[in-house]
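As structure tokens, the structure follows; a few thoughts come after it.
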Amino acid sequence: DKNRIARQLEAAYEIFQFKSVGVVYEDNEAAYSYSGIRQLEEMSEKYGFEIHRLHVKEAYTEDEYDRYYTELKAAYEELIPQIDTLYITTATIEDEKLPWLLSDVIDAGIVTVAETSESQVENGALMHITMSDAFEEGYFVSGRIIDYAYGVPITEMEMKYEVAPRILLNSTTIKKTGIQIPFETYLVADKIYD
């Protein structure tokens with residue numbers, strides 16, 4: 001699914017209609033790619049919202065985590081006056097650090113959308129829209145293996161696979177931010193954490 005992040009951002013935009021998105025990631029090609037920045041830029045062009053970006057060097061050893069978290073929290077705080085939404089990208093963030101990292105952002109009433117995982121919503125991010133399902137993906141991949149075993153050339157196999165999005169919300173964070181979410185979003189949410 002080459003459009004997973006774009007579909008995730010599109011779904012988030014439909015709910016929040018954000019005007020100004022903040023994002024923090026390491027300033028290198030790999031982080032640009034795995035943080036979904038290209039897709040964020042494409043959605044920005046399509047919908048007309050601004051992107052405010054800051055860079056921090058990720059932690060690569062145990063000794064670097066204190067520095068990394070301090071810089072990440074400072075970057076989030078610096079973005080607060082400029083944004084209405086924070087896009088929490090893939091990075092070396094331990095879930096248990098999220099409540100501390102996001103406290104000022106949430107208190108400022110800013111929407112927090114987690115790119116990576118459901119566990120980030122469980123630990124304080126307002127929303128994650130997941131575009132993966134291990135069971136369904138495994139079923140798809142095993143089907144391609146069976147096709148190959150029966151002699152279907154790889155060039156003739158369907159290799160695109162998209163999972164229906166699942167919306168995950170954190171009701172405590174919603175209350176703290178004061179964000180008004182359409183009632184329909186609650187109805188279609190797959191899981192709501194408290």
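The values are calculated or read from the model by the stated rules, or taken from the named source; none is laboratory data. Computed from a predicted structure; not experimentally measured. When we count neighbours, we look across all protein chains shown, and the Cβ atoms used for this are built from the backbone with ideal geometry, even at glycine. These area figures cover heavy atoms from the full protein model, side chains too; ligands, DNA and RNA do not enter into them. Shrake-Rupley method; radii C 1.70, N 1.55, O 1.52, S 1.80 Å.
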Which of the residues belonging to segment 43-60 are open to solvent by 70 Å² or more (accessible area, probe 1.4 Å) and closer than 17 Å to I93 by Cβ? R53, H55, K57, Y60
Of the residues in segment 167-180, how many are under 14 Å from H128 (Cα atoms) and either among the hydrophobic types (A, V, I, L, M, F, W, C) or surrounded by 16 or more Cβ atoms within 10 Å (Cβ to Cβ) (or both)? 6
Every residue from segment 33-42 that is in contact with a strand residue (DSSP E or B) (Cβ under 9 Å, 6 or more places away or on another chain), part of a helix (DSSP H, G or I) and surrounded by 16 or more Cβ atoms within 10 Å (Cβ to Cβ): Y34, I37, L40
Could you please find all residues in segment 72-92 being at pLDDT below 95 and surrounded by fewer than 19 Cβ atoms within 10 Å (Cβ to Cβ)? T90, A91, T92
Considering every residue within segment 114-125, establish whether at least one is at pLDDT 95 or above, closer than 22 Å to E10 by Cα and of a type in the set (A, V, I, L, M, F, W, C). no
So E158, is it open to solvent by 40 Å² or more (accessible area, probe 1.4 Å), under 18 Å from E14 (Cβ atoms) and at pLDDT below 85: no
For K191, state whether it is more than 18 Å from the chain's Cα centre (by Cα), open to solvent by 30 Å² or more (accessible area, probe 1.4 Å) and among the basic types (K, R). no
